[in-house]
Structure formats: C-alpha cells, structure tokens
Amino acid sequence: MTGIGRRAVLAGLAAATLPRPAVAQGARGRVVVVGGGFGGATAARVLQRAGLSVTLVEPAETYWACPFSNEVIAGLRPMAAQGFGYEALRARGVTVARTSAEAIDGAGRRVRLADGTTLDYDRLVVSPGIALRFDALAGYDEAAAQVMPHAWKAGTQTELLARQLAAMPDGGTVVLSVPGNPYRCPPGPYERASLIAWYLKTRKPRAKLIVLDAKDTFSKQRLFEQAWKALYPGTLDYVPLAGGGQVVSVDSRAMTVATDFETTRADVACIIPPQRAAPIAAAAGIADRSGWCPIDPVTFESRLVPRIHVVGDAAIAGAMPKSAFAANAQGKVCAEAVIDLLAERAPAAPKLINTCYSLVAPGYGISVAGVYHPDKGVLADVEGAGGTSPLDAPDAIRRREADYAEDWYRTITSAVFG
C-alpha cells in the first residue's frame, strides 16, 4: 500500500470517535440518528460527546457486521464474532430507541417511529444502509433468497450460505452472481469468491465455483486475479461481462442461473442482487432517481431536504466507496459538521480516509486505500494519496496484511460499539 500506512489508518479510526471540545462549545440542539451501523453509531457517539441530546433509532438489539462475514461463510470464524450491541452507547448517554423510523417529515423536522411515538429534531442524521432490489433480477425475490442466499446483509443469510456449503457434496457446483455498480463493498464479492474457493479446495476438492459478473473491472482486480491463478486453478472460474457473465434470471426451484448465453445448474447459488438506499430514504424524499442519496461533500447534508444528513452506504459519496471504514469516517465528519451548524459556525472542508482489506485465503491479505476531499461539489480522490498492495509481494507481506485486517476490525468495532 502506498500513501497511507497501517499506523495512519488505525490512528484515523481512533480519532474518528474523539470529541472536539473547541467545536462543541456553544452547540445546543436535538439530534436524531436513524440507523445504528458503522456510520450512524459513530455519529451518535461523537454528537453525544459534544453535549448534544442524541437519540439513536435502531430496531435491532444486535448489529451484525458485514466485514469479516465472508470468513463465517468459509467456516473460518464464528457468527458470534460479528455481533455487537448498543450497551456502551447507552452507558455514554445516547438514548437508544429500539424501533424503526416509519416516516420523516423534513418540513416539520419530525420522525415518526413504528411504536407510534414521534421525535422532533433540529438536525437529523440518516444512516439506513441498503435495500436489496428484489425487483431487479427475474426470478429473484425474498422467497428465492431463502434458497439462493445473497448473504449481503450479515446475520441469518450468512449462516444459511455457510450451512449450504457445508452440506454440498464434493464435486458440486457453486455459482456466485455479482451485480453491476454501485453496491455495498466493491471488493466484497471477490473476497467471498476467494474464501469459498479456499473452502472448496481444502474441504471439497472436486467441487467448482463459477463467478458470474455483471461488469468487466472491479476493485483490486489485478491482485485478486493474480491470487486466483496461483491458489485456485481449476477451482474458481471467473466470467466477466464481456464473457457473458451478466445474470439475467434465476430459478430457485430448478436451482439454475441464466445469462444471455447459457444456463448453469448450481448445487449452491449465492445471488447478490442490485441495491439502493433503504426504504426510509425514499420515504423521506432524500433519495433521487438512482435510488441513492445525493449529499453535500462538506456537511453530508441532503441536497434534496435541508437539515437531514446522510452517511454510509445510502449516500452518493463520489469517489468514496460504500464500506464500513467509509461509513465510520463519514459519521465522524458529519457529526462534526452538525455540531458546527448548530453552533452557527461554518464547517471546515474535510479529508476522509478509506482502507479496505480483503482476505484471499487464511493468512493472505490485500488492501486498497484512498483519501478524499470535497472538489467541485463531490468527494474526489486526493491525487497521489492511497494505493493498493503491491503485486508479486512475498508471503510475509500478504501475512502482514491479513494481520492488519484483524487489527483494523478490532479497532473499528471497539471504537464504534465499545
């Protein structure tokens, strides 16, 4: 990796949850945060430390983290290691409303909750995550997902896919379908392909994985392809868009996956469908025709409804990808902007960091990093910053990056939920 080292990455994560007393002075107001993932929980913590009245609206008692969930699928990690609660946020003074937001009145600055109560706000932070578009792929609906799991929201789907792989006979075929951009975690499907291939190679050596992709290029592509060639020849078959890889329909009863050119029968099928911002975004009027939420790159305030801020996967964040690290960084920057705005100060233009680690096999890690800043109304790459893991690196570097990935996960989950 060039431009950003491990220490800078971990320091940036730690700083994301530290208060800024000088900024907090004079800030008063009621802030509601909708969504308790990496973005929303981070924002709630920073806002509470500034002395604001903060209510976090989150229906789940346990947040199931997507980072490292591919290890669960491959039998390398227990599902329990992915679960985090909100006890620490409650102990720090954040009011956690364990319910969901049903409606948002931007003009009246009010959130209606599923339990019938309403919350008034001076500023609202929305971090709702994604919705899976079950209308976008013929044959793939919520019922089909119980047979052909997407596992793109961590939890029961993750465990279902892991069980299916474990039960599949040696010599079976796994099909993994990858959607076009944008979607949560750009390199996530390719890490999943790598770890499923590792599982097959070590547990079911006569089995095969076919990856059907709706695009020709993807994050860390040269690194993944180099590793696949070295580690998984004869096990992993990657089919890009140009090779007929775009899936056009599925049949969960017949267990078939069809492209424009052929139909493949699968023993296990993981279908990752197209995505959009979660439904509350459209209900609040903060999602545009793309299904995602345009934001101001300095404050993360919605470009469609004032005093509502959007962070995490739901936001249109320019060059910044949809990842847990990005959501954490955005939650911090957004919270600081809200503090400034409530104190009637102009927020400073931020710089945000994202680093994304991927495991290609146990002890084999690769990464990509980037630095972003507001430029011409969007978040743009900082020229010359960031980079990827080197090609042709020795095993020691790959092992080190796998260790860094573990360090990153421990650091970010402790900073957000601990």
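Every number in this text was worked out from the coordinates using simple rules, so none of it is lab data. Predicted model, so just to flag it, every value in this text is computed and none were measured. Here the Cβ positions follow ideal geometry from the backbone for every residue, glycine too, while neighbour counts run over all protein chains shown.
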Quiz item: Local charge sum around Cys185 (other residues, Cβ-Cβ under 9 Å, Lys/Arg +1, Asp/Glu -1)?
Solution: 0
Exercise. Count the lysine pairs in the chain whose Cα atoms sit under 25 Å apart, keeping only pairs 8 or more residues apart in sequence or on different chains.
Key: 21
Quiz item: With axes computed from alpha carbons, what is the tilt in degrees of helix 38-49 against the longest principal axis of the chain, rounded to the nearest 10 within 0 to 90?
Solution: 20 degrees
Exercise. Calculate how many DSSP beta bridges within region 157-286 are antiparallel, expressed in % of all such bridges and rounded to the nearest 5.
Key: 35 percent
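Can you tell me the relative contact order of region 142-271? Whole percent, Cα pairs under 8 Å, sequence separation 6 or more.
32 percent
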Quiz item: What is the Cα centroid distance between region 378-418 and region 223-293, reported in whole angstrom?
Solution: 25 Å
Quiz item: Which shape class applies to region 234-275: rounded if a/c is under 1.5, otherwise prolate when a/b exceeds b/c and oblate if not, where a ≥ b ≥ c are the square roots of the Cα gyration tensor eigenvalues?
Solution: rounded
Exercise. Please figure out what share of the DSSP beta bridges in the chain is antiparallel and state it in percent, rounded to the nearest 5.
Key: 55 percent
Quiz prompt | Cα gyration tensor shape of region 142-271, rounded if a/c is under 1.5, else prolate or oblate by comparing a/b with b/c | solution = rounded
